[in-house]
Each structure stands twice: as structure tokens, then as C-alpha cells.
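Here's the structure, in C-alpha cells; my notes come after.
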Amino acid sequence: MSDLDASTNDGSSAPKLYRFVGLVFIWMVPSFALWVPLSAMLAAPAVWLTNVILTYFLPDVVHELTLNGTQTLLTTHFGELNSEIVSARLAGYRIAFPFNTQILTYSLPFYAALSYATPGGDSFGRFARGSLALYVLLIVGLISVSLKSLMLGLGPVFIDGFSTPATIIGISYQFSTLMVPPLAPVLVWAWQSRHSPLLQKLLVKQQDKL
Amino acid sequence: MARFIGIFLFVLLALFSLEMFGPVHEQVVEPFTGFLATLSVWIITLFDDSVIAYGRVIRDSVGGFAVSIESGCNGVEATIVLIAAVVAFPATWRQRLAAIVIGFLAIQVANLARIISLFYLGQWNFDVFTWIHLYLWPVLIMLDVLIVFIVYLRYISVQPTDGELAS
């Protein structure tokens, strides 16, 4: 019987939920312990892909996106001279914006804890597929953070030549940093566990409406 | 299932955008965040009278350490997630309202624990404070939402639906 097995209608197996939550907490310890030293390595492919995307779509703005440890450095083609944003050649240096990739990648250890606390099936395959989905969101998050940095750092020089309104950039940044990292692992886990005994039993009365 | 996902994402994005909308943020979110700071200080002063609050800031009047409660630390986003999930799932509106009210309280209890724990962790070790603030507490709050929603699903799965009540 699965740890995620649902309660009967009288709730007699209610402790199973607590057992699942307990397992999530237990799995969080090794997941986060592994994530701390590995987070730079985990972020590296996403940063590389984001660099390819940003330099392709914003070749006149973004010079490169590099990773140093867990810190990403977004280097631009602009510098500052006499309090004005000018080309990097004129300024003699490039303006760059650092940000911490861990504010996005902590979704991976959280998802690992949820996934491994849910027994059954090909747990590694399930984890790999779920991580891939989170990875796509990680790239979207890196793009959102980058655009927000460019918007605030370069101001009109960037916004005036960019088709997306500032409000959209702001909301996508907030959504990508506040909502996605803690929520996406739960959504991916819920989707993958939708056939688990727990969710099946919970949805049994409502499945016609779903 | 597709209907649930569609409604969930729509309500989630709509409420999140509403939260970020300037007048709503200024008139609703910020006063609520200030209230949370005041409530946190009221709880802290039950065992530590050296703490004061002004606006969204909680400050230790002896050591000088202060924390400011910002977006993402007021439980509003977690409440939005819960509301979106509850609204998207078929139930009576009374059940939904009860879940949102009780869930909101459950989230805020966890959130007050977050604020108070971070206030003391920051005075003890700033690196630990940063780590737990940025990575651990958001996960714990989202787990709180998940537990509330699962408990809600378990509750309504044994309750009669609208159709059953009507018949």
C-alpha cells in the first residue's frame, strides 16, 4: 500500500497524510544538503541556455550571461559616463548586473523531497522528467530576472527599444521569483501523482466535474 | 483535470496581477503587511519587551537589528495559491469560503512563525537568516498550503455535493 494512500470515508487512515508530510521533511534534509554544493552545477546549463537566448534576441543590449559559483553576471553593451548610460566603448567599461541563481534553483531540492516522498513506479525517471519541467521554468525565471535587471539598470535606454511593457516585465519577475520556485514543484508533483491512490480517492466524488 | 488547471492558472495570474497593481498594493497589501508587523511585535513582546514596530519594520531596540516585511513574506502569495486551488476545485461556495478563511488563518499562523523566527535568527547569524529566509521558509509555507488543500479535499470528498443536496 502506498504512503499516499487516502483515507477511507471515515478518515480512519488520516495519519497517512502526516506520514507523507513527515517523509517530505525527511527527504528535504538530504535534498537541500546536496543542493547547496551542487547548485552552481545545476544552474550552469540553464545559465548557458539563457545566455544563448538573450544574446540572440537582445544582441544590442546583452553582451553575455556568465556564472561564477551561484552568482550570475549579466554583462551589457552599455556603460555609464557623466551619469548617463552610453555605449560600453564610450564609457570604457561594461555595466553588469549580478544575481543569485539559488533564488530560483531551490525548487529542485523541494521537488526532489516531494517526489521521493511519493513511493511507487520509476522514481528516478519520474524525478528526471519533473526536473526537466522545472528546468524550463528555471530558464524562464532567469530571463525574467535578467529583463528586470536591464529595465531597472538601464532604464529608458532598454525600455524604449523593447516591445514588452515595463509592467509585464515587473509582474513576470515577481511571479518568477515569488511564485514559481515554491509552487512549480508542487504542481509538477501533483500532476505526476494524479493517479496515486491519495489523489484518486480524493477526486473520486468530483471526477465527473473535473 | 484540464478545467481545474485552466481555472487555477487563470485565478492565480489574475489575483497575482491584482496584488501587484499599484493602488491595491498600497491600499490593501501594505496596510495588511503593517498589521502583520504589529501583530508579530505584540506576540514577541509577550516574552521580549525590547522589540518595536513601525510600518512594516520590526526592530530590536537594544541590538538595533531590524527586519522589514516585504512582498513574499506576508503570506499573500500563498493565500492566492490557496484561493486559486479552492476556487478551481468543484465544491459548494460555502465549502470554498470556509476553506479560504481557515486556510488563510493557517497560512498566517505559519507566516507569523516565519517572521518571528527570522527576526531572532537574524540577530544570531545573518548567513543562516538569509538561507532560511530565501530558501527554507518559502518551501514550508507552500507545504502549509498543500496540506491545507489536501485536508480540504479530504473533507469535501465525504460531503454531499450541490446535486446531492438538491436531490
Handout entry: Members of the stretch A:19-52 found to be in contact with a Pro (Cβ under 8 Å, 6 or more places away or on another chain) and surrounded by fewer than 13 Cβ atoms within 10 Å (Cβ to Cβ), listed by number
Key = none
Fill in the blank from the handout: (1) surrounded by fewer than 17 Cβ atoms within 10 Å (Cβ to Cβ); (2) away from every other protein chain (no Cβ under 11 Å); (3) touching a residue at least 24 places away in the same chain (Cβ under 8 Å) all hold for B:Ser40 apart from (1)
Exercise for the section: Taking only the stretch A:1-60 into account, find how many residues are modelled with pLDDT under 90, part of a helix (DSSP H, G or I) and away from chain B (no Cβ under 11 Å). Expected result: 2
Problem - Flag if B:Trp124 is over 29 Å from B:Ile5 (Cα atoms), of a type outside the set (Lys, Arg) and more than 10 Å from every other protein chain (Cβ to nearest Cβ) - result: yes
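So is B:Val76 over 29 Å from A:Ala190 (Cα atoms) and either without any contact (Cβ under 8 Å) to a residue 60 or more places away in the chain or of a type in the set (S, T, N, Q) (or both) or not?
Details: over 29 Å from A:Ala190 (Cα atoms): no; either without any contact (Cβ under 8 Å) to a residue 60 or more places away in the chain or of a type in the set (S, T, N, Q) (or both): yes.
When the stated conditions are applied, B:Val76 does not pass them.
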Exercise for the section: Determine, yes or no, whether B:Gly34 is modelled with pLDDT under 85 and over 24 Å from B:Ile147 (Cα atoms). Expected result: no
Problem - Residues satisfying the stated conditions in the stretch B:141-152, i.e. over 11 Å from the mean Cα position of the chain (by Cα) and either more than 15 Å from A:Leu187 (Cα to Cα) or touching a residue at least 60 places away in the same chain (Cβ under 8 Å) (or both) - result: B:Val148, B:Phe149, B:Val151, B:Tyr152
Practice task
Out of the residues in the stretch A:53-79 that are in contact with a helix residue (DSSP H, G or I) (Cβ under 8 Å, 6 or more places away or on another chain) and among the β-branched types (Val, Ile, Thr), state the one that is surrounded by the fewest Cβ atoms within 10 Å (Cβ to Cβ).
Solution key: A:Thr66
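Residues are listed down the side, and each one gets a yes or a no for (1) within 25 Å of B:Phe35 (Cβ to Cβ); (2) more than 13 Å from chain A (Cβ to nearest Cβ); (3) surrounded by fewer than 16 Cβ atoms within 10 Å (Cβ to Cβ):
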residue: B:Thr79; (1), (2), (3): yes, no, no
residue: B:Ala88; (1), (2), (3): no, no, no
residue: B:Ile100; (1), (2), (3): yes, yes, no
residue: B:Ala106; (1), (2), (3): yes, yes, no
residue: B:Arg114; (1), (2), (3): yes, no, no
residue: B:Phe129; (1), (2), (3): yes, yes, no
residue: B:Leu136; (1), (2), (3): yes, no, no
residue: B:Tyr152; (1), (2), (3): no, no, no
residue: B:Ile156; (1), (2), (3): no, no, no
Exercise for the section: Would you check if A:Thr118 is hydroxyl-bearing (Ser, Thr, Tyr), within 14 Å of chain B (Cβ to nearest Cβ), over 15 Å from the mean Cα position of the chain (by Cα) and in a helix (DSSP H, G or I)? Expected result: no
Exercise for the section: Return the pairs, sorted by first residue and then second, in which the second residue is outside any helix (DSSP H, G or I) and surrounded by 15 or more Cβ atoms within 10 Å (Cβ to Cβ), the first residue lies in the stretch A:72-101 and is of a type in the set (Lys, Arg), the beta carbons are less than 9 Å apart, and the residues are 6+ apart or on different chains. Expected result: A:Arg89/A:His77; A:Arg89/A:Gly79; A:Arg94/A:His63; A:Arg94/A:Thr75; A:Arg94/A:Thr76; A:Arg94/A:His77; A:Arg94/A:Phe78; A:Arg94/A:Gly79
Handout entry: Filter result for the condition that a residue is in contact (Cβ under 8 Å) with a residue 40 or more places away in the chain, within 14 Å of chain B (Cβ to nearest Cβ) and not polar (S, T, N, Q), over A:Leu150, A:Leu137, A:Leu187, A:Leu183
Key = A:Leu137
Exercise for the section: Inspect the stretch A:86-93 for any residue being more than 25 Å from A:Leu34 (Cβ to Cβ) and at pLDDT 95 or above and give the result as yes or no. Expected result: no
Fill in the blank from the handout: Residue count, the stretch B:41-71, condition closer than 15 Å to B:Ile116 by Cα and under 17 Å from the mean Cα position of the chain (by Cα), comes to 4
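The values are calculated or read from the model by the stated rules, or taken from the named source; none is laboratory data. Being a predicted model, the structure only gives us computed values, none of them experimental. Glycine gets a Cβ as well: all are built from the backbone with ideal geometry, and neighbour counts include every protein chain shown.
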